[in-house]
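Participant: Below is a structure I'd like to ask you about.
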Amino acid sequence: MWTRTDPRVLDILYRARAAGLPLVLLSNAPAHLSDVLDATDWRRDLMSDALYSARLGRCKPDSAVYEHALAATGVADPGRVLFVDDREDNCRAAAELGLRALHYAGQPADLEHQLLPALANSTRT
């Protein structure tokens, strides 16, 4: 579960990164898996930063982890940040801090739809 990737999602994320969107990984992965994730090509290519609960000493849905992630994006307005997670409680906590949240249920089209405005804007420049 922690290291399996969907090529359709990776394609969307690579397009988002090419469009200049900052991407930050925020994961509750255990400590030993954080090293595994950091070693993957997609993590190194796509993510400007990776934050792991094991390293932060706090887990989602603790608000402090979202604040760390927001700072890592470099985006001042939380409403301009899309938080994506497969757990509804994590999405709810992010939304309470003003982030846009997508409860991801395994449908890449949902992710693409949320990122489409940013992807479309990047193709105009």
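The values are calculated or read from the model by the stated rules, or taken from the named source; none is laboratory data. Since we're looking at a predicted model, the values are computed, not measured. Neighbour counts are summed over all protein chains in view; Cβ atoms, including those assigned to glycine, are modelled from backbone coordinates with ideal geometry.
Participant: Where in the stretch 42-125 are there helices (runs of 4 or more DSSP H), lying wholly inside it, with at least 1 residues that are farther than 23 Å from I12 by Cα, of a type in the set (A, V, I, L, M) and touching a strand residue (DSSP E or B) at 6+ places or on another chain (Cβ under 8 Å)?
Facilitator: Once the helices (runs of 4 or more DSSP H) in the stretch 42-125 are filtered for at least 1 residues that are farther than 23 Å from I12 by Cα, of a type in the set (A, V, I, L, M) and touching a strand residue (DSSP E or B) at 6+ places or on another chain (Cβ under 8 Å), what remains is 63-73.
Participant: Assuming A29 fulfils every condition listed in (1) surrounded by 13 or more Cβ atoms within 10 Å (Cβ to Cβ); (2) outside any loop (DSSP other than H, G, I, E, B); (3) free of Cβ contacts under 8 Å to residues at least 60 places away in the same chain; (4) small (G, A, S) apart from one, which condition is it?
Facilitator: (2)
Participant: Being at pLDDT below 90 and surrounded by 11 or more Cβ atoms within 10 Å (Cβ to Cβ) is the filter; apply it to the stretch 1-17 and report the residue that is nearest to L111 (Cα to Cα).
Facilitator: The qualifying residue nearest to L111 (Cα to Cα) is T5.
Participant: Moving to a separate point now. Quick check on the stretch 65-80. Is at least one of its residues within 15 Å of P22 (Cα to Cα), more than 15 Å from the chain's Cα centre (by Cα) and modelled with pLDDT of 90 or more?
Facilitator: Taking every residue of the stretch 65-80 in turn, at least one turns out to be within 15 Å of P22 (Cα to Cα), more than 15 Å from the chain's Cα centre (by Cα) and modelled with pLDDT of 90 or more.
Participant: Just a yes or no: is a residue in the stretch 19-26 more than 12 Å from the chain's Cα centre (by Cα) and surrounded by 14 or more Cβ atoms within 10 Å (Cβ to Cβ)?
Facilitator: yes
Participant: Y66: hydroxyl-bearing (S, T, Y) and out of contact with any helix residue (DSSP H, G or I) (no Cβ under 6 Å at 6 or more places or on another chain), yes or no?
Facilitator: The answer is no for Y66.
Participant: Still on this structure: Of the residues L56, L46, L97, which is surrounded by 13 or more Cβ atoms within 10 Å (Cβ to Cβ) and under 14 Å from the mean Cα position of the chain (by Cα)?
Facilitator: Criteria check complete, one pass: L46.
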